[in-house]
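Heads up: the structure comes next, in structure tokens.
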Amino acid sequence: MQEARVLFCGLRALGAEICKNVILAGINVTLMDAETVKPEDLGAQFFLRPEHVGMNRAEACLPGVQAMNPLASVACHPSDPSAYPDSFFVDFDVIVGTDLTPAQMRRLDTLARQRGKEGGREGGGFLCAVTFGLHAWAFIDLGESFIGRMDEAPEGGRTEGKNGEGGGAKPLPPREFTLAYPSLSDALAVPWSALKSRFPVPRVFVMARLLGLYEERHSGPFPPNATEESVEVFVSESQLAMGANGLEAGFLSEEELRALARQSQSELSPVCAVVGGILGQEILKAISRKGEPALNVFLWDGATHEGRVIAVPPPKEKE
Amino acid sequence: MAPSSPSTSVDDARTRVLGPTLAQAVREAKLLVVGAGGIGCELLKNLVLTGFEKIEVIDLDTIDVSNLNRQFLFRAEHVGQPKAVVAKEVVLRLNPRAAKTLVAHHANVKDPQFNMEYFKQVKTLARGNGLRESHGGRKRREQFTLVLNALDNIDARRHVNRMCLATGKAMIDAGTMGYVGQVNVIKKGEAACYECEEKPVQKVYPICTIRSTPDKPVHCVVWAKEAYKLLFGAADASLLYEAPDAPEPSLYMPVVLARPEGEGMEAAVRYGFRVLKALFYDELSARVDRGVYARARVAPCPVPCLGDEGKGEDAWVALVEDGGEGGGEGQEWTREVWTEERCVLELLGVFAALVGDPGRRRDLGRYDFDKDDALAMRFVTAATNLRAASFGIPAQSYHHAKGIAGNIVPAIATTNAIAAGLQVLEALKILRTAPPSVPSSAPPSLPSSTIVDAGCRVNYIVRTYAGRKRLLLQPTKLHPPNPACFVCNRSSLDVVLDTEASTLGFLVEKVLKGSLSFAQPTITLRGTSIIYEEGEDADEAMARRNLPLPLASLPAGGIRDQSTVEVDDVSQDLTLQLHVYHKRWEGGPEGKGDAEAPPQGFLLGGSAKEALKAAAAAAAAQATERQRAQHLYAAEEEVKSTLRVQVNRKRGGEAREEREGHVKRSRVEGRGGNGEEDGSRAVEVIEGEEGKGTTGTEGEGREVGGMGDGGRGAFEPVVILD
Ligand SMILES: [Zn+2]
């Protein structure tokens, strides 16, 4: 754990929350963010203060992050992932993207998976997450074959050394499991209607994908202060996208789509705290290989307060 | 257009998510936050970043070094300062607008200054922060809109629960234990209160107890686990770790750091001896000399066999090389209590194995304590007992130490973060349904039916997603108030104790205050005769006279079997009818020597009911047993068939075993309330709960997450470090 290193691409409120939880656990972190601190960043990001406005976001966060754990090492890169060659990313056990473009997400996911295939190294992990208004989604990829151990062996399932001369017999190792994670591209290719199980297609998943698709089409996220016109563009494009993915046109109402557009770039502190706590824990599970990590999408529904894990694509065999 | 100032941009961003009405309600709401520790730090940060400005925070504690890795608002330079004050100052930097309305109280929430008037905030109070000018120039505090609990101990949470019930305030309570946690919304008459379900024993130990003033075996086990981490694991994460520039450095740190470079048994054992001497002898002697324990009841006594009067380093090394005393055969040794010398040899053996062995040495710094790792557990058992010996605490067998060690649940920062986030989201739900305030400067007051209409939930946080819905965060509907709750429904409560041996002092301190969290009880017999009271204008002479008397010998006829006692607490607005049942356990009031006697000397509530039922059942069973024996005898005489008699006898045996099992179980449950921690019993609590947590099958949180039926409190920490 002490030697692990986690890369944070993007240090808005959610990135900061996850980063706080990871560095408090004693793990080394690297901060990467090309943006400058804007006044509205101060609302939900606790590493930033008014005097930081205009500075690079990663550099502004650096002292606060380091102060949380003086013993962990903290590095800082005031730029974009595109400024670095593929080899740069091999050094990280987990890459966390909270402010990445769709293309950057795919690139970093591919790199993390490749690291897992190369000999001599444990697989790298990739995790990306976004909050929008009260809701959030996260995608987790720990590679083609992630081997972990359960938290605790069942009672009585172990033998103990009779005689502890210099340690005695070792306890049986805890139960191991292997998980196969799909890549980001594979997950995003799944038609949304395929996520219907005995429960309906998760609304938060659809919302997250609609915002993601908008970003791909328009080469940028839906802007916070957009005109009514752009909102209507988002609504009609989203209706088409839902249809193309096998959902009925009214799966999300026009009113819901407008609200989604308006809140798309807004982070709310308690939502980031909840999701940042869950994802911080998932990263610790991935690094320690103790406890079963989520496979492979986490959804936080701020309306119902449900925090769900779903598999995308869904498991082939129906239960 | 002029560039926007930071605060307006931030407001715009919040308003986009919250909407203008809620954003304004947030700015105007006035909150009471109780606790500025693990959950409290997260909570205050979230509140201020969400736009809350009027907050009062109460916390009794000062900041300890060991808080720094979880309570993220605190830095090394804050050690020793009040948590509430530092937390306030740090979060103010996030929202300077709250400078005049954020108030910190470094105090106990049970202090009289935080009485019902304070919770209601209707009384004219002295000048100070948070006061506003109102009609006629009178200084008047604003009403609290909501109370948020971020406490780690049951007693204070109960107290705040009662204050909120008494004043009609909505309260959002959060609690975590390791990787699980819950956030619950409470309001009188609308939903279950914090005390609607009996909670299993919860123990929270302050860090200074662990580091300086242990007085229970569990304190020593916690210390021993930290020592294991310091020596073989992530040293800097240990409670015992000290940075090189620490003020008042301990003697052991330089010794611990001087680990031999190469491998080799002898060097490892010699290093081990020096570490043990520093930890168990030199450091303690130095602390005694410094006067650290000048005010302690008993000063610790450093372990003599490690000191100058002991046999010395060379002799110990030779003993280890001879193979020491060794383990023993079978499982017997796990039940033995080791001598001090055996403990030293065990510890040196662990040093030889982990520091001396080339293979294991490579992993130094990475060892994680695991109670099922025999070597780690040997270390912890031996270190526990040497520590215990210094402080006059009874030693533990390997088996018993393992039971305690497996039951210690550390606080986990991420669980606290999630819980605090959920608290704020529940608060937003409540404010969303609150009517807009008129005039706009007054904080919103809540209409009568608030938390149900607002769609508040009980939120459970679990470690592993389970059930069809695969939830890591499980909301459930608010539980209805429990009609049998003595706090919110004024239900009566049963207590079983020895009325001839237990004194009034015992009833007041152990039962009423210790187990039922009364603050200032008044006790009335037969409707009119007050036999005990506390607080202002109390009859102290009467209290002094009555406290030492056995219950049965009190005036007004005394408290005897089937007496009903009325207990009132004006400070908590609470009245309780306590039904007393007399029972004499063998071996005196503390019940020593009687296997069935509760260690606390009394049984309360559900446990008392169980015990009364069990006693009745046992009496009935005894009668049946007698009958059955008579039948058997008759059958034997009559049929003269040995085979048939054997079968019947066997059946009789099974029935007896079953009954004995039942009695044992009810005894175990009977240790609820504030029973002494008991490793094996406490382990049962945890195991039961974890079992449910991972095998739950439904998405509805009542079944999943170990919070079914006896539920809401089922994951109350047994031991939390915070
Ligand atoms: Zn109640």
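The values are calculated or read from the model by the stated rules, or taken from the named source; none is laboratory data. Since the model is a prediction, treat every value here as computed from it, not as a measurement. A quick note on method: Cβ atoms are made from the backbone with ideal geometry, for glycine too, and the neighbour counts reach across all protein chains shown. Remember, those area values only see protein heavy atoms, side chains included, never the ligands or the DNA or RNA. Shrake-Rupley method; radii C 1.70, N 1.55, O 1.52, S 1.80 Å.
Descriptive notes on the structure:
- Rounded percent of accessible protein surface that carbon and sulfur make up, chain A, 1.4 Å probe: 53
- Cβ neighbours within 10 Å from other chains - mean over B:406-414: 4
- Flagged links, alpha-carbon separation over 20 Å, of B:K30/B:K429; B:K88/B:K429; A:K290/B:K371: B:K88/B:K429
- Where B:L31, A:L134 fall by accessible area, highest first, once all protein chains stay in place (1.4 Å): A:L134, B:L31
- Remark: the range A:90-99, residue by residue, has Karplus-estimated 3J(HN,Hα) of 5, 6, 9, 6, 9, 10, 10, x, 10, 8 Hz, where x stands for each Gly or Pro and the curve is 6.51 cos²θ - 1.76 cosθ + 1.60 at θ = phi - 60°.
- DSSP beta bridge pairing in chain A, given as percent antiparallel to the nearest 5: 55
- Per-residue SASA entry for B:Y194, accessible area with 1.4 Å probe, Å² rounded to 10: 10
- Shielding score for B:368-378, defined as the mean number of other chain Cβ atoms within 10 Å: 5
- Antiparallel bridges, percent of DSSP beta bridges restricted to the range B:492-601 (to nearest 5): 75
- Positive contributions from Lys and Arg (+1) and negative ones from Asp and Glu (-1), summed over other residues with Cβ under 15 Å from the Cβ of B:L554, come out at -2.
- Both numbers refer to the Cα atoms of the range A:165-303; Rg and Dmax are 20.0, 77 Å.
- For the residues of A:68-75, the average number of beta carbons from a partner chain within 10 Å of their own beta carbon is 3.
- Sorted largest first, extent of the range B:263-413 alpha carbons per principal axis (Å): 46, 39, 36
- Accessible surface, 1.4 Å probe, highest first, among residues A:C76, A:C9: A:C76, A:C9
- Residue-count net charge about B:E309 - beta-carbon cut-off 15 Å; Lys, Arg +1, Asp, Glu -1: -3
- You can think of it this way: the chain between A:E176 and A:E216 has 10.5 nm of extra reach, that is 0.36 nm per residue less the Cα-Cα gap.
- Dipole axis of the range A:187-262 (+1 Lys, Arg; -1 Asp, Glu on Cβ), positive-most option in A:L211, A:A261, A:P200: A:P200
- Total accessible area lost when A and B pair, probe 1.4 Å, Å² to nearest 100: 6000
- The range A:163-319, dipole about Cα centre (Lys/Arg Cβ +1, Asp/Glu Cβ -1), debye to the nearest 20: 720
- Based on the reciprocal of the average 1/r between different C-alpha atoms, the Kirkwood radius for the range B:272-318 equals 11.3 Å.
- In plain terms, the C-alpha convex hull of chain A casts an average shadow of 19.1 nm² when viewed from every direction.
- Accessible surface ranking for A:E232, B:E89, 1.4 angstrom probe, highest first: B:E89, A:E232.
- Helical content of chain A, expressed as a calculated mean residue ellipticity at 222 nm, amounts to -11000 deg cm²/dmol (DSSP H runs of 4 or more residues, -39,500 (n - 2.57) each, divided by residue number, nearest 500).
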